[in-house]
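Rule-based calculations on the coordinates, nothing more; no lab input. These numbers come from a predicted model, not from an experiment. Ideal geometry is used to build each Cβ from the backbone, glycine not excepted, and the neighbour counts take in all protein chains shown.
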Amino acid sequence: MLSNSLIELDRAHLVHPVASYRGHEKLGVRVMKSAKGATVTDMTGHQMIDGFAGLWCVNAGYGHESIVEAAAKQMRELPYATGYFSLGSEPAIRLASELADRAPGDLNHIYFTLGGSDAVDSTVRFIRYYYHSLGTPQKDQFISLEQGYHGSSTVGAGLTALPIFHAGFGLPFDWQHKIPSHYAYRNPVGTDPQAIIASSVAALKAKIEVIGAERVAAFYVEPIQGSGGVLVPPDGWLKAMHAVCKEYDVLLVADEVITGFGRTGPLFACSDDDVVPDFMTTAKGLTSGYVPMGAVFMSDNVYNTIADGAGAAAIGHGYTYSAHPVSAAVGLEVLRLYENGLLENGVKAGARLMAGLQSLADHPLVGDMRGRGMLAAIELVTDKQKKTPLPAAADPSRRIFDRAWDNGLVIRAFGNGVLGYAPPLCCTDSEIDAIIERTRMTLDQTLEDPDVRSAVA
Ligand SMILES: Cc1ncc(COP(=O)(O)O)c(C=O)c1O
């Protein structure tokens, strides 16, 4: 009764992100009720392992009392303090300092946002200001990767390269350019890592030269492309792309909104790639999804150039909730948990997850497995030689998602038949094994669908 009325209220009033509004009205909402560790429970009492950590964000797992306590304590003491007028709060200052200590290289300056989209949006503003400060405001062209996702703000959605974020929105802007993704499984140059790196390097150079290096401001990249289908570049790819940026005097923005905070193993994926970008954007795992927060990391050079460029004038970029003390208090506690065993467990669980997914290689529908740490995907095909995607009519994003759900597993089922995994770092061995078993069961059932079966045969 209660859940029925919630479904009606939702249908009537709640606008959902990235959804077909009419499709959602027809389906109705599934209301989540509670969660603990890696297990989520819906309103009907159905329990599932959350193989996607909410939206790749609850890295610490659900139900940590110490996080709840940190938030409650801060709310009692000081629920809000602005950062305007040179005011501040202790947790925000401490979190900025702890993050700077752990960030790659000289990414010593932190601007807090409410999430990833406004972190990306902020970098665009900072980068424009940076070049104005240097006296080269004509450097105003931005490059990103096909299949990339950089959020849903007005400008960030144009750096994003997923068609639904553009169609109907008048995006991308003409100053937003794309080069092909490294997408190893379907790269026209084949799967050889060196060939993929060479091809991406050539594409970036060619794009910069066509636009003119004197016009190119920045290159945006996710260390592993998430929403584009968990696309993992070959080792050395990011470093090679960074070298091109340095050669042409182009800033590198590493968008670590998904890859940050233990998702791929270390706190930041850039460290594994041995790259120090000019900016790093983070969110999600920063507070493990318990409260909203994002962070832009800025290098000494960028910060000082902007600061000196502005002189005594205020730099007109700010949010009411930047450096929110409750979010910062949560961020500090989450960081403590990561460093008190969660990162370590994530590395162990990630290795088990990857081995488990690899064990699915013999399944007739599995064309590719890829991942790093607790970020992974399998790509389903109906012909392994030809890499034929599942028929669109099989509607993988709905049918496979629903089936996994019924089997007690939440995964990300992309429209093109890629299944994404980003479980909480707290997963036990048996939870990882259950993710694999339930995936196999879901694949077996899908193989029995007449349309899929006939496409395979
Ligand atoms: C790489 C990347 N950048 C930016 C964003 C946007 O973050 P948010 O949804 O918190 O605005 C996301 C979200 O998934 C992301 O994956």
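As a calculated quantity, the FRET efficiency between Arg186 and Glu90 at R0 = 45 Å, using C-beta atoms, amounts to about 0.35. Neighbour counts of C-beta atoms inside 10 Å place Leu360, Leu9 in the sequence Leu9, Leu360, starting with the fewest. Legend: residue pairs Lys348/Lys386; Lys205/Lys384; Lys36/Lys348; Lys139/Lys178; Lys239/Lys384, Cα-Cα distance threshold 27 Å; pairs beyond threshold, Lys348/Lys386; Lys205/Lys384; Lys239/Lys384. Contact order for the range 235-390, expressed relative to its length and based on alpha carbon pairs under 8 Å spaced 6+ residues apart, stands at 18 percent. Annotation: the residues His317, His13, sorted from fewest to most other C-beta atoms within 10 Å of their own C-beta, follow the order His13, His317.
For each of Val276, Val296, count neighbouring Cβ atoms within 10 Å of the residue's Cβ, then give the residues from fewest to most. Present the calculation step by step, with values, prior to reporting the outcome.
On the way: Val276 17, Val296 26.
The fewest-first ordering by Cβ neighbours comes to Val276, Val296.
Estimated from the Cβ-Cβ distance and a Förster radius of 56 angstrom, the FRET efficiency linking Asp42 and Tyr248 is about 0.65. Once both labels are positioned 7 Å from their Cα atoms along Cα-to-Cβ, the gap between Ala167 and Thr428 label points is 4.5 nm.
For the range 36-79, what does the alpha-carbon gyration tensor say about shape, rounded, prolate or oblate, given a ≥ b ≥ c as the root eigenvalues, a/c under 1.5 as rounded, and a/b over b/c as prolate?
Numbers: a/c = 2.99, a/b = 2.10, b/c = 1.42.
Prolate, because a/c is 1.5 or more and a/b exceeds b/c.
Given the C-alpha centroids of the range 27-89 and the range 423-457, what is the distance between them in whole angstrom? Measuring centre to centre over Cα atoms gives 27 Å.
Please give me the summed charge of the neighbours of Ile315: other residues whose Cβ is under 13 Å from its Cβ, Lys and Arg +1, Asp and Glu -1. Write down the numbers at each step before the final one.
On the way: positive: Arg125, Arg128; negative: Asp308.
Spelling it out: positives minus negatives among the neighbours equals +1.
Each of Ala392 and Arg22 was given a label point 7 Å from its Cα along the Cα-to-Cβ line. The distance between the two points is 1.6 nm.
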